[in-house]
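First the structure, then my questions, so here it is.
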Amino acid sequence: MKFIISAFFFLMLFSYGAAYDPLDPNGNITIKWDIMSWTPDGYVAVVTMHNFQMFRHIISPGWTLGWTWAKKEVIWSINGAQATEQGDCSKFKGNIPHCCKRNPTVVDLLPGVPYNQQFQNCCKGGVVASWGQDPANSVSAFQVSVGLAGTSNKTVKLPKNFTLLGPGPGYTCGPAKIVPSTTFLTPDRRRKTQALMTWNVTCTYSQFLARKNPNCCVSFSSFYNETITPCPNCACGCQKKENCVKGDSKILNMVGVHTPKKDNTPLLQCTHHMCPVRVHWHVKVNYKEYWRVKIAITNFNYRMNYSLRSLAVQHPNLNNVTQVFSFNYKPLVPYESINDTGMFYGMKFYNDLLMEAGPFGNVQSEVLLQKDKNTFTFKQGWAFPRKVYFNGDECMLPPPDTYPFLPNSAHTKLLSFPTFLVVLICFIATW
């Protein structure tokens, strides 16, 4: 009996821990329903999706939102989105609803739809940026007219069983909860209005639920050791040889190789790690007051372009970044007393697009960091990151005992130029 109780608590702890990210402890997607007006048989609501995650985007092919109606509600119309299925509307005569399913599934519209189908913050193909990288584009919204529902805040029943794909699995949504009504300012900002009723749904992400294997890996190298530490073998799961491409130009020129599939199935370049993305961290130069790192991101997926890409890195010296040369950089401070995490992302119209596998499937940058003489060292792998995330998913790091090690004969303390000159003159004189 004690074993069963212990196992139960362990599973509960594990399930909650899997959805908790120590580098983004408050990250979530909040879906807000605001009832704006009542209709003869229901209401008109604005549904707004806020991505409060610091470095995890919703990438193409975008989000999919589902729920179950509490009664026998129908969707009369939607602006800014659409239900994927209409369902059985045979009992309706004349005016046919947009969707009659008890458990509708809604997706964003694609860019370029007619103006009368649009709504504010809609029509981006379901792509939503992270709050940390681009707050202005971290919102998606649509307007829905619901029928056969209550016509007051006392008779309306909240939808249940919310699901969110973004675009794949990984999100777990809690129950809808009534919250204080949202307030709005008129365009002239002289009058304040409020929703007739508001409820929120909070969805959190778990990489464990999203996939059984990581989606990226990390390799290391340094100027002080010829050893290159590669990604671990089968870091992202070993697949059958027929599921990857060896890089033959004849195969790569075939029609359909670079065509994305509806289920987002990757077509990978054959590697020992079999990861769609590899991040390489190279300790490049050691100056007296500074040190320099080169970061390279390589895409091994022939069917995926990463236009909204982010790289989150945890390292103790990120509290003193002096310059980042060809990426944007933003410190992430999930805990006010600790500043050891930062996010790197592309510069718009320059290197914000990481192309599919091939000659252009690589982006690079260099980072200059100032040393803290009390903590800086090249020993015991200190110069390498503690955690690395690509697009919000944690990458697999090599085992610590394989890191490039500092040779025993290497001096960790650099000589100043005058001292070096004196030593050199003395050496020449004695020689």
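The values are calculated or read from the model by the stated rules, or taken from the named source; none is laboratory data. This structure is a prediction, so every number in the text was calculated from the model and none was measured. When we count neighbours, we look across all protein chains shown, and the Cβ atoms used for this are built from the backbone with ideal geometry, even at glycine. Note: accessible area is taken over every heavy atom of the protein model, side chains too, but ligands, DNA and RNA are not part of it. Shrake-Rupley method; radii C 1.70, N 1.55, O 1.52, S 1.80 Å.
Search region 48-63 for residues being polar (S, T, N, Q) and surrounded by fewer than 22 Cβ atoms within 10 Å (Cβ to Cβ), and hand back the single one that is nearest to the chain's Cα centre (by Cα).
Ser60
Take region 182-203 and flag every residue that is open to solvent by less than 40 Å² (accessible area, probe 1.4 Å), touching a residue at least 60 places away in the same chain (Cβ under 8 Å) and not in a strand (DSSP E or B).
Scanning region 182-203 gives Thr182, Ala195.
Check whether at least one residue in region 204-223 is in contact with a Ser or Thr (Cβ under 9 Å, 6 or more places away or on another chain), assigned to a strand (DSSP E or B) and within 25 Å of Pro104 (Cα to Cα), and report yes or no.
yes
Next up: Filter region 363-385 for residues that are without any contact (Cβ under 8 Å) to a residue 60 or more places away in the chain and among the β-branched types (Val, Ile, Thr); which is farthest from Trp291 (Cα to Cα)?
Taking the candidates together, the pick is Thr375.
Follow-up. Within region 320-399, considering only strands (runs of 3 or more DSSP E) that don't extend past its boundaries, which have at least 1 residues that are over 22 Å from the mean Cα position of the chain (by Cα) and more than 16 Å from Ser307 (Cβ to Cβ)?
Here the list reads 321-324, 362-370.
Do you know which residues across region 108-164 are in contact (Cβ under 8 Å) with a residue 40 or more places away in the chain, among the aromatic types (Phe, Trp, Tyr) and either outside any loop (DSSP other than H, G, I, E, B) or open to solvent by less than 30 Å² (accessible area, probe 1.4 Å) (or both)?
Phe142, Phe162
So which pairs qualify, if the first residue must be in region 73-95 and closer than 29 Å to Gln120 by Cα and modelled with pLDDT of 95 or more, the second must be open to solvent by 40 Å² or more (accessible area, probe 1.4 Å) and of a type in the set (A, V, I, L, M), the Cβ gap must be under 9 Å, and the two must be at least 6 apart or on different chains?
Once the first residue is closer than 29 Å to Gln120 by Cα and modelled with pLDDT of 95 or more and sits in region 73-95, its partners that are open to solvent by 40 Å² or more (accessible area, probe 1.4 Å) and of a type in the set (A, V, I, L, M) give Glu73/Leu148; Val74/Leu148; Gln86/Ile96; Cys89/Ile96.
When you check Asn319 against the structure, is it more than 16 Å from Cys217 (Cβ to Cβ) and open to solvent by 20 Å² or more (accessible area, probe 1.4 Å), yes or no?
For Asn319, the condition - more than 16 Å from Cys217 (Cβ to Cβ) and open to solvent by 20 Å² or more (accessible area, probe 1.4 Å) - is met.
Quick check on this structure: which one of Pro331, Pro359 is in contact with a helix residue (DSSP H, G or I) (Cβ under 9 Å, 6 or more places away or on another chain) and without any contact (Cβ under 8 Å) to a residue 24 or more places away in the chain? So that I can check it myself, show each step before the final result.
On the way: Pro359 fails: in contact with a helix residue (DSSP H, G or I) (Cβ under 9 Å, 6 or more places away or on another chain).
Pro331 is the lone residue from the list that is in contact with a helix residue (DSSP H, G or I) (Cβ under 9 Å, 6 or more places away or on another chain) and without any contact (Cβ under 8 Å) to a residue 24 or more places away in the chain.
For region 139-161, indicate whether the set of residues that are closer than 29 Å to Tyr389 by Cβ and within 17 Å of the chain's Cα centre (by Cα) is non-empty.
Yes - at least one qualifying residue is present in region 139-161.
Being in contact with a Pro (Cβ under 6 Å, 6 or more places away or on another chain), modelled with pLDDT of 90 or more and crowded, with 17+ Cβ neighbours inside 10 Å: is that true of Gly342 here?
For Gly342, the condition - in contact with a Pro (Cβ under 6 Å, 6 or more places away or on another chain), modelled with pLDDT of 90 or more and crowded, with 17+ Cβ neighbours inside 10 Å - is met.
So how many residues does region 266-286 have that are open to solvent by 50 Å² or more (accessible area, probe 1.4 Å) and modelled with pLDDT under 95?
3
Test of understanding: among Ala45, Ala7, Ala19, which residue is under 29 Å from the mean Cα position of the chain (by Cα), over 16 Å from Thr105 (Cα atoms), modelled with pLDDT under 95 and aliphatic (A, V, I, L, M)? Step through it out loud before you land on a result.
Working: Ala45 fails: modelled with pLDDT under 95; Ala7 fails: under 29 Å from the mean Cα position of the chain (by Cα).
Only one candidate qualifies: Ala19.
Filter region 225-265 down to the residues that are farther than 27 Å from Pro398 by Cβ, part of a helix (DSSP H, G or I) and not aliphatic (A, V, I, L, M), then identify the one that is modelled with the highest pLDDT. Walk me through it before giving the result.
Within region 225-265, the subset farther than 27 Å from Pro398 by Cβ is 242, 248-265.
Still in the running and part of a helix (DSSP H, G or I): 242, 249-252.
Okay, now just the ones that are also not aliphatic (A, V, I, L, M), so 242, 249-250.
Working: Glu242: 65, Ser249: 54, Lys250: 53.
Residue satisfying both the conditions and the ranking: Glu242.
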